[in-house]
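The values are calculated or read from the model by the stated rules, or taken from the named source; none is laboratory data. Just so it is clear, the structure is predicted and the values come from calculations on it, not from any experiment. Here the Cβ positions follow ideal geometry from the backbone for every residue, glycine too, while neighbour counts run over all protein chains shown.
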Amino acid sequence: MKYGRIVGWGKCAPHKVLTNFDLEKMVDTSDEWIVTRTGIRERHIAGEGETTASLSVTAARQALERAGLQPADLDLILVATSSPDYLLPPVSSIIQDRLGAKCGAFMVTAGCTGFVYALATAQQFIASGAYRHVLVVGAEVISPAVDWTDRNTCVLFGDGAGAVVLKASEEPTGVLSFVLGSDGSGAKHLWMPAGGVARPPTHETVDRREHTIQMNGREVFKFATRVLASAAVEAVEKAGLTMDEIDLLIPHQANARIIELAARQLGLPMEKVFVNIDRYGNTSAASIPIALVEAIEQGYVKENSTVVMVGFGAGLTWAAAVVKMGVFTQPRYALWRTIPSRARTRARVAVGALQMRAGALLLPLYARVTKR
Ligand code: COA
């Protein structure tokens, strides 16, 4: 059982939608500028009571339901985020508790690239035979870290969560290959200067807005166009495939121009590239799982599709993974599914044994009847 097949998926976005026209009233910008430079039209922003944990739990419950699994079936929870509810405890434990799962849980932090890192990590636990069911969440409530007076950054980001459940399988599905990259020399092109131990919070750091995202947009743009296509090519080669065999590219949704450039570099027509940035903006570690869920819901990702997920972000980091979807089993027998999977397996074995016994008893009788 060395492959982690994606058997469940779910997503959640906050109720509140902030449009470009709303932003026009907040900073010196325009819908036209934002759409032409980024492709974004609106984004979801967390309201009262909506946190990284709450969005994650909603997305995770959907993914579990789709997988036909109970929280008790989970062996591990991984949460990719840069915006946990608290610095301590890790938000992964809050999510584990609210789901009612009884397993280990930890956070993976690699900026907007976090979900691909977490997916590759989850695959290792399954490939080693250690675990059978792993929940991987990518979630962010990044809006409190945005400087809503800075037009260079505030138009870009949004909040949301996406989740998948991986299940151990013999068939070559799930993460077939991955590439993980990091170049910390570019760290200050996208960072939050204060709040960590290097610069703890003070009145001064708050006054100077050092707890908000600071970005050198042009440098990040150049970096993204350097790594996105090459990481995707490397992952596809590692999987022993060619670009022609890829059904869909699911890139990190940071900027439509970056995505279009990467598609051109890869020689992929835009029909083979999933884009939903217009409705979500950049949701950081949540962007790829939300896009994956929408791509499945809209029929762009089908049974047995081969997709490439590729991301980049703070760190600076980048990552790509080739993922093969398996057969989409339908969630049936809702009541039956409420029983934990180990108990269901035992029940199935018992029923099978009974059927064999009954067969052995009835066969001679049937033979006698048909002889007459
Ligand atoms: N509305 C109107 N004008 C804006 C603006 C806004 N929201 N934001 C910036 N501008 C202005 C700039 O101030 C600049 O004006 P100036 O020439 O008078 O100084 C002008 O637009 C051009 O700025 P520039 O930075 O060259 O724009 P750009 O075409 O590079 O687009 C980004 C800016 C941020 C959209 C683009 O650089 C980008 O997407 N970078 C990558 C960011 C990213 O992906 N971050 C997340 C990584 S996970």
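Residues of the range 241-255 being more than 19 Å from the chain's Cα centre (by Cα) and either within 16 Å of the ligand (Cβ to nearest atom) or free of Cβ contacts under 8 Å to residues at least 60 places away in the same chain (or both), which ones?
Within the range 241-255, Thr242, Met243, Asp244 meet the criteria.
Would you say Gly267 is more than 14 Å from the chain's Cα centre (by Cα), assigned by TED's automatic domain parsing to the domain that holds Leu55 and within 10 Å of the ligand (Cβ to nearest atom)?
Details: more than 14 Å from the chain's Cα centre (by Cα): yes; assigned by TED's automatic domain parsing to the domain that holds Leu55: yes; within 10 Å of the ligand (Cβ to nearest atom): no.
No: the conditions fail for Gly267.
Quick check on my filter: what residues within the range 148-196 are among the hydrophobic types (A, V, I, L, M, F, W, C), in a helix (DSSP H, G or I) and either crowded, with 19+ Cβ neighbours inside 10 Å or away from the ligand (no atom under 14 Å from the Cβ) (or both)?
Taking the range 148-196 first, the residues among the hydrophobic types (A, V, I, L, M, F, W, C) are 148, 154-157, 161, 163-166, 168, 175-176, 178-180, 187, 190-192, 194.
Checking the rest, the ones that are also in a helix (DSSP H, G or I) come to 154, 187.
Residue satisfying the conditions is Cys154 alone.
I'd like the full set of residues that are surrounded by fewer than 20 Cβ atoms within 10 Å (Cβ to Cβ) and among the hydrophobic types (A, V, I, L, M, F, W, C), limited to the range 134-147. Don't jump to the end; show me each part of the working.
First, pick out the residues of the range 134-147 that are surrounded by fewer than 20 Cβ atoms within 10 Å (Cβ to Cβ): 144-147.
Of everything in the range 134-147, those that are surrounded by fewer than 20 Cβ atoms within 10 Å (Cβ to Cβ) and among the hydrophobic types (A, V, I, L, M, F, W, C) turn out to be Ala145, Val146.
Among the numbered criteria (1) within 16 Å of the ligand (Cβ to nearest atom); (2) within 17 Å of Ser287 (Cβ to Cβ), which one does Val136 miss?
The one condition Val136 does not meet is (1).
Testing Gln96 on (1) away from the ligand (no atom under 13 Å from the Cβ); (2) part of a helix (DSSP H, G or I); (3) surrounded by fewer than 24 Cβ atoms within 10 Å (Cβ to Cβ), one condition comes back false. Which one is that?
The single condition Gln96 does not satisfy is (3).
Can you run down the residue pairs with Cβ atoms below 6 Å, 6 or more apart or on separate chains, where the first is in the range 139-168 and closer than 21 Å to Val116 by Cβ and the partner is away from the ligand (no atom under 14 Å from the Cβ) and among the aromatic types (Phe, Trp, Tyr)?
From the range 139-168, the pairs are Val164/Trp9.
Each row is one residue, and each column tells you yes or no for (1) of a type in the set (D, E, K, R); (2) under 18 Å from Gly158 (Cα atoms); (3) surrounded by fewer than 18 Cβ atoms within 10 Å (Cβ to Cβ).
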residue: Ala235; (1), (2), (3): no, no, no
residue: Thr242; (1), (2), (3): no, no, yes
residue: Ile258; (1), (2), (3): no, yes, no
residue: Pro289; (1), (2), (3): no, yes, no
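Mind listing just one residue for me: the one in the range 99-123 that is more than 16 Å from the ligand (Cβ to nearest atom) and not hydrophobic (A, V, I, L, M, F, W, C) and, of those, farthest from Lys167 (Cα to Cα)?
Here the residue is Gly100.
Scan the range 296-313 for residues that are of a type in the set (Gly, Ala, Ser) and surrounded by fewer than 23 Cβ atoms within 10 Å (Cβ to Cβ) and report the count.
Our first condition is that a residue be of a type in the set (Gly, Ala, Ser); within the range 296-313, this holds for 299, 305, 311, 313.
Checking the rest, the ones that are also surrounded by fewer than 23 Cβ atoms within 10 Å (Cβ to Cβ) come to 299, 305.
The number of residues fulfilling the criteria is 2.
Quick check, is Ala168 in contact with a strand residue (DSSP E or B) (Cβ under 6 Å, 6 or more places away or on another chain) and within 30 Å of Ser54 (Cβ to Cβ)?
Values: in contact with a strand residue (DSSP E or B) (Cβ under 6 Å, 6 or more places away or on another chain): no; within 30 Å of Ser54 (Cβ to Cβ): yes.
No.
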